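The values are calculated or read from the model by the stated rules, or taken from the named source; none is laboratory data. Quick caveat, the model's predicted, so the values are computed rather than measured. Cβ atoms come from the backbone with ideal geometry, glycine included; neighbour counts cover every protein chain shown. Just so you know, the surface numbers come from the protein's heavy atoms only, side chains and all, with ligands and any DNA or RNA stripped out. Shrake-Rupley method; radii C 1.70, N 1.55, O 1.52, S 1.80 Å.
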Amino acid sequence: MSLYQNLTEEIRNGILTLTISRPEHLNALNASTIEELRTAIQDVYDNKEIKGCIITGEGSKSFVAGADIKEIAELNELNARKFAENGQEVFSLIEQCEKPIIAAINGFALGGGCELAMACHIRIASENAKFGQPEVNLGIIPGYGGTQRLTQLVGKGKALELMTTGDMITAQDAKNIGLVNHVVETKEELMELSNKIMSKIISKAPLAVGMVINCVNAYYSSEENGFQTEANFFSNCTKTEDFHEGTKAFIEKRKPEFKGE
C-alpha cells in the first residue's frame, strides 16, 4: 500500500519513479502534495536502494499544471511568505540531492510545475509538453524559485519575457532556449529515454556523480567559489575506493564495479 495520497512510487533497478497523481486536478501541487514530495525526496537521500529518481505526472495530459489556485486564493501577507518558503525548501532538497533526479515532463508544466521541473537536474519532455510561468495573470509572481532558476537556465532577457507575459511555450521552444535537454514524441518514449539516461548515470561512480552535482550548484552560489569547490571535490575523489577501482579497471581494460565507497 502506498504511503502517499497524491504520489505513487516504483523502484526498479535502483531507479525510483515518483508519479504525481492528482489527474482530476491536472496533477496540481497542493500543500499536502508538497509535503509528500518532501518525504519522498528525503527517502531518496536516505534509502541506499535508491540510486536515482525520475519525477513525472500521471497520464499524458499534464506533468504538473501549477499550484492549487484555491489554496493560493486564500493566502494573505501573513502566510504567503511561509507558503513560498516551504515550496522552496522542498525544491531545494531536489536540486541539492547528490543522487541524480530527472524530470520526465508530460503535458502541462506550468507555474509550480515548471518550477518543480527546473529544480530537477535534467529535464526531458514529450512533444505535447507546455511550459510557462503564468503567475502574473493571477496578480502574483513565481514563488517556488522560478524567478531564480528560469533566469539561470535561459538567461535574463528570455526569463523576463516569459514571466512578465505569462506566455506558454512548446516543448521544442523549451529545448531551443535550454530549458529542457531532450524532446520525444510520446509518454512511452519519454519514460524510456528517462530510464535510459538515468541507468547510464547510475552505472558511473556514485560519489563522483554527486560531487559533479555539488560543483555545478556551486556555480550559482554567492557563498562559494566554484573553482575552489571543484578542486576540493577533485581531491576528495582520490580518497575513494571508486577512484582506485575506476583507474584500475581502465588500466586492466575491464568494466569498473563501483560501490559508492
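Per this entry, Asn236 is not counted among residues that are part of a helix (DSSP H, G or I) and either crowded, with 16+ Cβ neighbours inside 10 Å or touching a Cys at 6+ places or on another chain (Cβ under 7 Å) (or both).
With respect to being surrounded by 14 or more Cβ atoms within 10 Å (Cβ to Cβ), farther than 24 Å from Ser199 by Cα and of a type in the set (Gly, Ala, Ser), Ala73 falls outside the description. Does Lys130 fit the bill of being basic (Lys, Arg), more than 10 Å from the chain's Cα centre (by Cα) and under 18 Å from Asn176 (Cα atoms)? For Lys130, the condition - basic (Lys, Arg), more than 10 Å from the chain's Cα centre (by Cα) and under 18 Å from Asn176 (Cα atoms) - is met. Of Lys156, Lys196, Lys130, Lys175, which residue is among the basic types (Lys, Arg) and more than 24 Å from Ser92 (Cα to Cα)? So the residue among Lys156, Lys196, Lys130, Lys175 that is among the basic types (Lys, Arg) and more than 24 Å from Ser92 (Cα to Cα) is Lys196.
The residue pairs whose first member lies in the stretch 200-212 and is of a type outside the set (Asp, Glu), whose second member is open to solvent by 40 Å² or more (accessible area, probe 1.4 Å), and whose beta carbons are closer than 6 Å, counting only pairs six or more residues apart or on different chains, are Ile202/Lys51; Ala205/Phe258; Gly210/Glu98; Met211/Phe233.
For the stretch 35-55, the set of residues classified as closer than 22 Å to Ser199 by Cβ, open to solvent by less than 60 Å² (accessible area, probe 1.4 Å) and part of a helix (DSSP H, G or I) consists of Ala40, Ile41, Asp43, Val44, listed by residue number. Only one of the numbered conditions (1) under 18 Å from the mean Cα position of the chain (by Cα); (2) among the basic types (Lys, Arg); (3) open to solvent by 60 Å² or more (accessible area, probe 1.4 Å) is not met by Lys187, and that is (3).
Filtering Leu138, Leu160, Leu150 for residues that are among the hydrophobic types (A, V, I, L, M, F, W, C) and open to solvent by less than 50 Å² (accessible area, probe 1.4 Å) leaves a single hit, Leu150.
Residue selection: Val216 fails the criterion of being surrounded by 13 or more Cβ atoms within 10 Å (Cβ to Cβ), over 21 Å from Glu257 (Cβ atoms), touching a strand residue (DSSP E or B) at 6+ places or on another chain (Cβ under 8 Å) and of a type outside the set (Lys, Arg).
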